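The values are calculated or read from the model by the stated rules, or taken from the named source; none is laboratory data. Quick caveat: nothing in here was measured; it's all calculated off a predicted structure. Every residue, glycine as well, gets a Cβ built from its backbone with ideal geometry; the counts of neighbours run over all protein chains shown.
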Amino acid sequence: MRLLRLDFRTTDRSVDLHPFVTVLPFLDRRERHELVEAIRQLARGSTLGLRGLLQHEGLLVDLDGESRYELPAFTTTNVVFDEQAADGDDLYGLRAEVDQQRRVAEVSAAAVEELRSEIDPWAAERVADLEAKLGPVGRSPADTERARAVEAAAIVLSGLAPTLTDVPPEVPALRERWRELLIEVESVAGHVRALGTAVDRAEQAIGRARERGDQRGLEHAKRRLDQARYALRIDPLYSGLTARMDAFRERCRPVLGQDLPDDLDAALAGLAVERANPRWETALVDLHRLIGTVDPPNPPDPSDHDEPLWCVNVRQRMGREALQAARSWLDVETVRLSEDEQLVLSAELERARDDHERHERAANRLDRAEAAATTAALELARLEEHLAARTLGDAGSLEAVLTRIENTVAQIRADAGGSLPVAFVGDLEPLDDAEFTALIGALRAYSSVIQVVLLTDRPGAQQWGQSVGPEQGMVSWPRVQDAVQERTSI
């Protein structure tokens, strides 16, 4: 879609636009604002209130400002690069707002880090342990060596797994490769979705053309569909990822069989076989023997049972119960503490309680602080994105300006699948005359995808427009509106 003429509502003048590159110097401020807003409106697929002439899908369409011409919503990408804010003021205020929000985000992030430094998830456990050590003082003394042996056996048991997992040697590498492929899928999802959107839009256009009985429109939509499907099929990211996924499935067939299930990761995980851990069983028996259990439990073996998962859960429960029994035994049979030991433990308990209180205060405030920091960071990102979208002058170099334009052109190509008008507003003072001329030449190279509209008073732009042939671009000056405009099919 290309805008070929705009009739201004605020004045009685019109301006003609070249299909490729148009230089518009010294426009009235109201006219410049109206042209920019018209370009934004057309990108969103609306012609309401616009007067002029546009080219869309082989038609020259006259816009009278009252009737609506149906356009698709081409893109949500910003199609105006402006050195001026939306209201026409310079960007100093917006930049100041960004700087202020950046300070707010930094202060919020620092507050979160300070609170996190006071988080001590083990403080409550230290308090409980120290209180337990001090609590039994005055009870009957027990065998010191036996108590130490019980503590050591409990530590050994808690450090062992009740079962061991056997998996085929190929499975870990296959599961790791599957996770890598999922990350690749997520990284290209937006790109592939954009290509798929072009296919969907072409299919929708075929449906609409069939409903209207528009044979010419149907043929055009079918060509768009073929082009969109071809672009999806030859896309290097999509085809490369598809090839890697197919290669991964072939690697899985020797392990999972020729008929692969839909959920490969679950199927690979299902190849794991649980078996008893003999070291854990020995540690369990030793702990029960030390605390004097009369009838110690006999843990089931998952490798010899119809329900291995049930066996795993039972063994885990037996381990927890043994550790709890050991702690109960130690509570009763704790060795008497000397006076010096009591003083040391009491001092440690006070410090642990102080740590726990700081942890509780920090934990109560941390959620609110993290929410505030997240809000501040999101607002900063929004303002920075808004600032970046509204100016090219901040890019600082020709290379940076071209990179930003290239990203926008790529997004418009993915969204719209065809040309859209894009406005470049301002004189780009950071670029010298040679760089500015090079920029216009680069924009001309993009004019098959975007219709370049340069709203600038810079002499170099006018000189370029006057030096090229009419098939490449032109310098356009407002003129008095024509009385009658006709709609013509081409």
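For the range 1-23, how many residues are of a type in the set (Ser, Thr, Tyr) and touching a strand residue (DSSP E or B) at 6+ places or on another chain (Cβ under 7 Å)?
Here is the first cut: in the range 1-23, the ones of a type in the set (Ser, Thr, Tyr) are 10-11, 14, 22.
Imposing the further condition that a residue be touching a strand residue (DSSP E or B) at 6+ places or on another chain (Cβ under 7 Å) reduces the set to 14, 22.
Final tally of qualifying residues: 2.
Would you pick out the residues in the range 403-434 that are acidic (Asp, Glu) and modelled with pLDDT of 85 or more? Don't jump to the end; show me each part of the working.
Restricting attention to the range 403-434, the residues satisfying the condition of being acidic (Asp, Glu) are 406, 415, 427, 429, 432-433.
Correct list: Glu406, Asp415.
Restricting to the range 439-454, what's the tally of residues that are aliphatic (A, V, I, L, M) and either touching a Cys at 6+ places or on another chain (Cβ under 7 Å) or not in a helix (DSSP H, G or I) (or both)? Walk me through how you get there before you give the answer.
From the range 439-454, those aliphatic (A, V, I, L, M) are 439-440, 442-443, 445, 449-450, 452-454; that's our starting set.
In the following step, the residues that additionally are either touching a Cys at 6+ places or on another chain (Cβ under 7 Å) or not in a helix (DSSP H, G or I) (or both) were identified as 449-450, 452-454.
Summing the residues that are aliphatic (A, V, I, L, M) and either touching a Cys at 6+ places or on another chain (Cβ under 7 Å) or not in a helix (DSSP H, G or I) (or both) in the range 439-454 gives 5.
If you scan the range 281-325, which residues turn out to be among the basic types (Lys, Arg) and crowded, with 17+ Cβ neighbours inside 10 Å? Lay out the reasoning, then the answer.
Residues of the range 281-325 among the basic types (Lys, Arg): 289, 315, 317, 320.
Answer for the range 281-325, where residues must be among the basic types (Lys, Arg) and crowded, with 17+ Cβ neighbours inside 10 Å: just Arg315.
For residues in the range 326-344 being in a helix (DSSP H, G or I) and buried (at least 17 other Cβ atoms within 10 Å of the Cβ), which is modelled with the lowest pLDDT?
Going through the range 326-344, the residues in a helix (DSSP H, G or I) turn out to be 326-333, 339-344.
Narrowing further to those that are buried (at least 17 other Cβ atoms within 10 Å of the Cβ): 326, 329-330, 333.
Details: Ala326: 87, Trp329: 80, Leu330: 78, Glu333: 57.
Filtering first and then ranking leaves Glu333.
Given the criterion of a type in the set (S, T, N, Q), loosely packed, with under 12 Cβ neighbours inside 10 Å and modelled with pLDDT of 85 or more, identify the matching residue among Ser140, Ser117, Ser187. Step through it out loud before you land on a result.
On the way: Ser140 fails: modelled with pLDDT of 85 or more; Ser187 fails: modelled with pLDDT of 85 or more.
Step by step, each of Ser140, Ser117, Ser187 is checked, and only Ser117 is of a type in the set (S, T, N, Q), loosely packed, with under 12 Cβ neighbours inside 10 Å and modelled with pLDDT of 85 or more.
Scan Gln411, Gln462, Gln451, Gln472 and give me the residue that is touching a residue at least 60 places away in the same chain (Cβ under 8 Å), under 23 Å from Thr197 (Cβ atoms), surrounded by fewer than 19 Cβ atoms within 10 Å (Cβ to Cβ) and not aliphatic (A, V, I, L, M).
Working: Gln462 fails: under 23 Å from Thr197 (Cβ atoms); Gln451 fails: surrounded by fewer than 19 Cβ atoms within 10 Å (Cβ to Cβ); Gln472 fails: under 23 Å from Thr197 (Cβ atoms).
From the options Gln411, Gln462, Gln451, Gln472, the qualifying one is Gln411.
Considering only the range 215-233, state which residues are among the polar types (S, T, N, Q) and under 36 Å from the mean Cα position of the chain (by Cα).
First pass over the range 215-233, keeping only residues among the polar types (S, T, N, Q): 215, 227.
Result: Gln227, single match.
Taking the condition among the hydrophobic types (A, V, I, L, M, F, W, C) and touching a Leu at 6+ places or on another chain (Cβ under 8 Å), does Ala373 pass? Step through it out loud before you land on a result.
On the way: among the hydrophobic types (A, V, I, L, M, F, W, C): yes; touching a Leu at 6+ places or on another chain (Cβ under 8 Å): no.
No.
Does the range 152-178 hold any residues that are free of Cβ contacts under 8 Å to residues at least 24 places away in the same chain and either surrounded by 14 or more Cβ atoms within 10 Å (Cβ to Cβ) or assigned to a helix (DSSP H, G or I) (or both), and which are they?
Within the range 152-178, the first condition is being free of Cβ contacts under 8 Å to residues at least 24 places away in the same chain, and the residues that meet it are 152, 155, 159, 169, 172-173, 176.
Answer for the range 152-178, where residues must be free of Cβ contacts under 8 Å to residues at least 24 places away in the same chain and either surrounded by 14 or more Cβ atoms within 10 Å (Cβ to Cβ) or assigned to a helix (DSSP H, G or I) (or both): Ala152, Ile155, Pro172, Ala173, Glu176.
Scan the range 448-474 for residues that are at pLDDT 85 or above and under 35 Å from the mean Cα position of the chain (by Cα) and report the count.
6
Out of the strands (runs of 3 or more DSSP E) lying entirely within the range 1-118, which hold 3 or more residues that are under 30 Å from Ser467 (Cα atoms) and without any contact (Cβ under 8 Å) to a residue 24 or more places away in the chain?
Numbers: elements: 2-7, 13-16, 21-23, 51-56, 59-64, 80-82.
Per the criteria, no element qualifies.
Out of the range 6-38, which residues are in contact with a helix residue (DSSP H, G or I) (Cβ under 8 Å, 6 or more places away or on another chain), surrounded by fewer than 20 Cβ atoms within 10 Å (Cβ to Cβ) and within 18 Å of Gly426 (Cβ to Cβ)?
Pro25
Determine which single condition Arg233 fails, assuming it passes every other condition in (1) at pLDDT below 80; (2) over 21 Å from Arg193 (Cβ atoms); (3) exposed (fewer than 13 other Cβ atoms within 10 Å of the Cβ); (4) not hydrophobic (A, V, I, L, M, F, W, C).
Every listed condition holds for Arg233 apart from (2).
Inspect the range 412-435 for any residue being out of contact with any Asp or Glu (no Cβ under 6 Å at 6 or more places or on another chain), over 21 Å from Gln41 (Cα atoms), of a type in the set (A, V, I, L, M, F, W, C) and not in a loop (DSSP other than H, G, I, E, B) and give the result as yes or no.
Yes, that holds for at least one residue.
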